[in-house]
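The values are calculated or read from the model by the stated rules, or taken from the named source; none is laboratory data. Predicted model, so just to flag it, every value in this text is computed and none were measured. FYI the Cβ positions are ideal-geometry reconstructions off the backbone, even for glycines, and counts take in every protein chain you see.
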Amino acid sequence: MINTKALVCSSLSDDLSGVSLSEIEISEPKDQEILIEVKAASVNFPDLLMTQGKYQHKPDMPFVLGMEGSGIVKEIGSEVKKFKIGDEVTFGSWGNGAFSEFVVVPENNAHLKPKILNFIEAASFQTAFLTAYVSLVRRGNLEAGENLLVHGSTGGVGMAAVQLGKYLNAKVIATGTSEEKLKYTLDWGADHTILTHKNNEVDFRQEVKD
């Protein structure tokens, strides 16, 4: 067993009273698992929802918070093929989460960290950008020159969608309820922004067409 400090949810509550920093034990990596020393972890809205029992995925209690992170591989299982000790990786984790000094995950839940990203950047990359990528590329088949309307563009997935849309040379229209936050979407690559709470349905449709 491996001793580690982790942010543990031991009971559900609306005020995080069931969450505490605790010393826990985690198992050594099995054949197809890797042990990661966590360098950074990302906070996602579902983390909060899970502490309230309001997310579709409901880990067994108690559980360690944190859906994604980055770190360094410290041990590998006997059948691991993708990684070696010392590799810098990003990873996703449920239940045995990323808000921990060390975490064990299946090797297929991890990827080599791009060298252009530091640990903090890489830790916030997986959930939002993979969600946006699957939506736009694998499911949406977005192509250059097409129009992309991104609702809620100032959130994590929305921000990623704006940047990916721009990278794919689409015309990106970003919507949001905060004029201040929408300014950032222009830096991320949006071609046009729409402040939704000032528009009625007819005006909104017309502005999108324009």
| field | Phe83 being within 16 Å of the chain's Cα centre (by Cα) and among the aromatic types (Phe, Trp, Tyr) | value | no
| query | In the range 9-59, which residue that is within 19 Å of the chain's Cα centre (by Cα) and assigned to a strand (DSSP E or B) is nearest to Ser124 (Cα to Cα)? | reply | Ser42
| Which ones in the range 64-110 are outside any strand (DSSP E or B), surrounded by fewer than 21 Cβ atoms within 10 Å (Cβ to Cβ) and among the small types (Gly, Ala, Ser)? | Gly77, Ser78, Gly86, Gly95
| query | Of the residues that sit in the range 35-48 and are modelled with pLDDT of 95 or more and of a type in the set (A, V, I, L, M), which one is nearest to Phe119 (Cα to Cα)? | reply | Ala40
| message | If I ask for residues that are in contact with a strand residue (DSSP E or B) (Cβ under 8 Å, 6 or more places away or on another chain) and either touching a residue at least 60 places away in the same chain (Cβ under 8 Å) or under 22 Å from His111 (Cα atoms) (or both), which ones from the range 130-174 would you list? | response | Leu136, Ala161
| request: With the condition kept exactly as written, say whether any residue in the range 8-23 is small (Gly, Ala, Ser) and under 25 Å from Phe129 (Cβ atoms). | output: no
